[in-house]
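The values are calculated or read from the model by the stated rules, or taken from the named source; none is laboratory data. These figures come from a predicted structure and were not determined experimentally. All Cβ positions, even for glycine, are placed from backbone atoms using ideal geometry, and neighbour counts span all protein chains on display.
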Amino acid sequence: MVLEDQGIFCRVRGALELSFSLHSKEEATIQKAITKAVQDVSLQVSSEYFVFNICGSPVFIWPNRNLKITPVEITPDTPCREIQKYIRAEEEESDKRSSRKKDKKRPRDIININLMMEISKSSLSSVPTIHQEHKKHLHVEMNLPIDVVILVQLEQKLGVIVEHLMREICNQLSDMEKSIHKHMKETCIPIPQPFHFLLPEPIGMISVIYPAGVPDDQLTMIRKELHNKFHLPEDRPYLRRANAYHFPDERYKDGYLRSPHLFLSNPNLEDSKLYLVNGVYSYHHYMQDRMDDNGWGCAYRSLQTVCSWFKYQGYTEKSIPTHKEIQQALVDVGDKPKSFIGSRQWIGSIEVQAVLDHLLGITSKILFVSQGSELASKGRELANHFSTEGTPVMIGGGVLAHTILGVAWSETTGQIKYLILDPHYTGAEDLNTILDKGWCGWKASNFWDQNAYYNLCMPQRPKVV
Amino acid sequence: MGRSYFVEESIQNYLLSLSNNFNQKHVTGILIGQTSTARDFIIQAIQTPPKEEPFQNPSKKKGFHLDETDEEWITEHARQVSRMLTGGLAILGVFLIVPPTLSKEASNMLRRLVFAVDKSVTAGRLWKLSEEEVYDRVTVQMCSETKKVNCRTFDVKDPLSSPKPADWKYQNGVSSTWPLLQCNVEVDLRLPVIASFVEHDLNKNIMNGLKNWALKMEKCYYLINGQMRDPDKEILEVHKKNSRASAHRECFSIQLLVPLMQDDQGDCMAMVQECSKNIILKGVVHCKAYIHSNKPTVADAVRALKRDLLDTISIRYEMLFEDVFSSNEDERGKGQKIDHALPQRVFVQASSSDILSCDYIFRDETFIEVKERFKEMFDCEVSEDKVDLLQETVSVPAVCPDVEICQEHSSMVLGKNVEKQKTAGVALAIGVALLALAASFFYFSD
């Protein structure tokens with residue numbers, strides 16, 4: 001990534017409460033009430049009691065109180081680099097991996113900031129009052145989930161960063177207001193949710209507001225406009241919710257490892273080029289999900305990895321199918337009898353193709369080789385697949401099933417290495433073991449059973465945004 | 001081993017003088033102080049004010065026992081006094097002075113009283129003691145002739161707990177070095193009243209709102225003298241402790257910050273509720289808390305201050321509830337906007353130490369009423385220079401857009417309150433009468 005050395009992300013999050021009373025359900029009244037309520041929120045944001053707290057640090061900043069900062073050693077002129085020293089060291093676990101990441105893509109550092117509201121006042125107290133209004137009305141309440149990200153330089157002064165963040169918060173607030181006005185129907189007011197997308201250079205990080213609860217396929221128009229605006233290709237999703245940037249400090253809650261091959265070093269193969277899977281997938285293998293499929297589930301797992309790719313690239317909002325759902329799908333398409341469900345029978349590439357089609361509407365090309373030794377000559381086909389489709393390839397046939405994540409191929413010599421993700425792994429989600437023992441790794445042509453036949457299921461990307 | 005009580009020396013004289021001017025069968029009273037894990041402190045003892053007609057029942061004078069009205073009287077006194085304490089201070093127990101002939105019965109009485117008093121002072125609170133805090137409350141029995149003191153504790157968590165002997169030691173200036181924490185806090189509570197709630201649930205509706213607010217306050221971040229401090233460290237920093245030549249009270253100014261947390265509740269839509277009315281509680285209150293000097297942590301100290309904040313709101317709301325939200329008011333209030341000023345908090349030095357107590361006064365009340373209440377509740381004379389009326393200022397409410405109506409209504413409503421509070425004795429009497437009612441709605445609200 002070109003951005004790598006250009007700075008770090010600074011991310012501000014906080015929920016701003018938007019609440020108002022309605023005395024009529026007229027569209028115009030509601031619109032007006034919302035505008036007024038957003039103004040009230042803006043007043044809060046610009047009040048001197050609005051506070052930034054740099055997460056994991058004792059640093060508090062009052063952006064609207066002449067940039068007052070505590071502790072006092074920090075001033076608006078303090079460079080960002082200094083601020084990082086106040087942030088408590090991250091948890092041990094992320095350090096464990098860092099040795100591997102050193103020469104690879106190290107996750108970008110990030111400064112997280114939480115929003116707070118100071119409720120203590122330096123002025124005199126004034127006796128509280130209780131105000132009662134007796135009138136039937138609708139009380140409307142929601143939290144606006146402010147989430148602003150900017151890229152900052154390590155040498156940049158804190159004061160400049162804070163001012164930039166404040167501008168972005170105000171912009172986001174007004175974007176949220178627009179989103180509310182656009183998507184509300186009577187008193188059904190979807191919460192505006194910001195998503196961040198890291199787009200190809202030179203665009204970089206952008207934020208888009210989507211109305212909560214409205215599925216991606218109903219937002220195609222909005223995405224098309226944005227693709228247009230940012231000159232993005234119109235044949236693949238960039239701005240679906242699933243495409244949202246995953247911040248390095250956020251854990252995946254489901255426990256599956258993501259894209260373990262990113263932590264491998266490249267194979268030594270003279271004159272070769274790399275052709276790799278394009279995007280994020282999760283590693284599925286034996287014994288996950290409290291499912292003992294040791295000995296029969298490898299193709300199911302490979303299929304899950306393929307499905308995960310389509311999910312994380314935003315092509316589908318469906319969850320990754322379980323063994324049972326895969327078997328049900330095969331029964332539904334008439335490929336298998338009912339007794340197949342709950343059985344421990346193997347499936348192959350053709351079944352994987354059928355399930356992808358049935359569950360996700362994805363078509364796949366099948367590449368057949370009658371002998372494993374022939375795979376060595378399929379470099380061009382595979383290289384082509386990864387450069388145009390970029391999807392993980394499931395390979396099965398006479399013997400074991402695997403997932404091919406890419407090839408290193410030399411057009412001149414025809415030499416080839418395969419990046420293999422092995423679903424037969426039965427251990428825990430330990431990246432080091434998986435990489436060191438070759439469960440995810442580069443293999444030479446002798447990896448394949450030279451005499452067995454193979455079918456490669458090569459899923460095709462749908463042309464959508 | 002039992003608990004140790006470090007007792008302000010002047011209390012010894014107070015109890016002695018009570019036992020010397022002994023013309024009744026017995027003298028009861030409450031003990032004010034603060035607990036800490038290792039030891040407890042008592043800084044003030046106050047005798048129960050004498051009951052006046054028509055509550056005194058001459059027919060019950062024979063023999064010794066505290067009848068129900070006595071118990072109500074004592075617990076109501078405790079409840080009123082507990083409202084007049086600043087943060088960190090609490091009613092930790094009761095004392096009873098009796099002649100030697102009655103000493104046996106006395107211990108039973110004390111047991112009953114210590115539980116009744118604790119129940120009465122904790123009812124209606126927006127907070128609860130945490131597990132690791134001290135639940136032992138003390139009973140002190142003094143013999144009017146030998147002046148011997150018998151000090152025992154009860155675990156009020158356990159209604160069947162048996163008394164444990166405790167140490168009762170007098171000491172000079174028990175509280176003279178207790179750090180003081182202070183803060184002005186803005187309260188801005190919006191409590192929409194859901195239309196489906198029937199009228200008598202109104203209090204429940206509001207109490208729920210207050211409880212949610214209390215939870216939010218508990219989660220507040222805080223700065224101490226402008227700095228974030230480790231909650232587990234002692235609030236008095238070591239280097240400062242050593243450099244202190246003479247003992248003095250350190251003051252800390254606290255800032256409270258509400259984190260604007262994103263809730264992961266997965267809501268997609270704005271919440272829309274049909275409401276019958278809107279209640280807004282808004283203002284800035286002054287909070288004070290004292291923390292004992294037995295190695296208190298930052299977290300201990302701030303907890304005391306936060307509890308003072310919760311109390312000063314719930315107490316004032318309670319004081320207003322009867323008048324503001326009674327159904328008659330509602331009838332008149334249909335379709336209208338009404339403003340009520342909550343009573344103003346004033347701070348009073350009402351003990352030999354300079355630990356401040358407080359009082360709540362309505363708009364028409366002055367120093368005179370404060371003085372009378374302290375005479376009755378605290379058994380002490382308060383001179384004008386010991387009353388600080390200026391920590392909270394009274395201003396025209398800013399929330400009400402319709403100022404004219406507001407003022408008319410508020411003065412009218414307040415007028416009624418003032419009358420009720422005119423003489424402190426009457427107030428206490430009414431308090432007792434209302435106690436049953438008050439207690440019942442707190443049961444409801446649970």
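For the reader, a short list of remarks on this structure follows.
- Where a residue in the stretch A:61-81 is more than 20 Å from A:Glu48 (Cα to Cα) and its partner, wherever it lies, is part of a loop (DSSP other than H, G, I, E, B) and not aliphatic (A, V, I, L, M), with Cβ under 6 Å and at least six apart: A:Pro79/A:Glu155; A:Cys80/A:Gln156
So that you can scan it fast, the table gives a plain yes or no per residue for (1) touching a Gly at 6+ places or on another chain (Cβ under 9 Å); (2) part of a strand (DSSP E or B); (3) more than 10 Å from chain B (Cβ to nearest Cβ):
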{"residue": "A:Gln31", "(1), (2), (3)": "no, no, yes"}
{"residue": "A:Lys36", "(1), (2), (3)": "no, no, yes"}
{"residue": "A:Asp40", "(1), (2), (3)": "no, no, yes"}
{"residue": "A:Leu43", "(1), (2), (3)": "no, no, yes"}
{"residue": "A:Ser47", "(1), (2), (3)": "no, no, yes"}
{"residue": "A:Val51", "(1), (2), (3)": "no, yes, no"}
{"residue": "A:Ser57", "(1), (2), (3)": "no, no, no"}
{"residue": "A:Asn66", "(1), (2), (3)": "no, no, yes"}
{"residue": "A:Val72", "(1), (2), (3)": "yes, no, no"}
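- Among the residues of the stretch A:14-66, just one is hydroxyl-bearing (Ser, Thr, Tyr) and touching a His at 6+ places or on another chain (Cβ under 6 Å), namely A:Ser21.
- Pairs linking a residue in the stretch A:223-235 that is outside the structural domain of A:Gln313 (by TED's automatic domain parsing) and without any contact (Cβ under 8 Å) to a residue 24 or more places away in the chain to a residue that is assigned to a loop (DSSP other than H, G, I, E, B) and surrounded by 14 or more Cβ atoms within 10 Å (Cβ to Cβ), with Cβ atoms under 8 Å and 6 or more positions apart or on different chains, are A:Leu226/A:Leu232; A:Leu226/A:Leu239.
- Evaluation of A:Glu186 against the conditions (1) within 14 Å of chain B (Cβ to nearest Cβ); (2) surrounded by fewer than 16 Cβ atoms within 10 Å (Cβ to Cβ); (3) free of Cβ contacts under 8 Å to residues at least 40 places away in the same chain shows that the sole unmet condition is (3).
- Hey, A:Leu303 outside any loop (DSSP other than H, G, I, E, B) and either of a type in the set (Phe, Trp, Tyr) or within 18 Å of A:His246 (Cβ to Cβ) (or both) or not: no
- Of all residues in the stretch A:129-163 being in contact with a helix residue (DSSP H, G or I) (Cβ under 7 Å, 6 or more places away or on another chain) and within 14 Å of chain B (Cβ to nearest Cβ), the one that is farthest from A:Phe52 (Cα to Cα): A:His134
- For A:Ser123, the conditions (1) at pLDDT below 85; (2) in a strand (DSSP E or B); (3) not acidic (Asp, Glu) all hold with the exception of (2).
- Of everything in the stretch B:255-310 that is hydroxyl-bearing (Ser, Thr, Tyr) and either within 8 Å of chain A (Cβ to nearest Cβ) or part of a loop (DSSP other than H, G, I, E, B) (or both), the residue that is surrounded by the most Cβ atoms within 10 Å (Cβ to Cβ) is B:Ser293.
- Residues in the stretch A:1-29 that are of a type in the set (D, E, K, R) and more than 13 Å from chain B (Cβ to nearest Cβ): A:Glu4, A:Asp5, A:Glu26, A:Glu27.
- Enumerated strands (runs of 3 or more DSSP E) restricted to the stretch B:320-390, each holding at least 2 residues that are at pLDDT 80 or above and over 24 Å from B:His77 (Cα atoms): B:337-341
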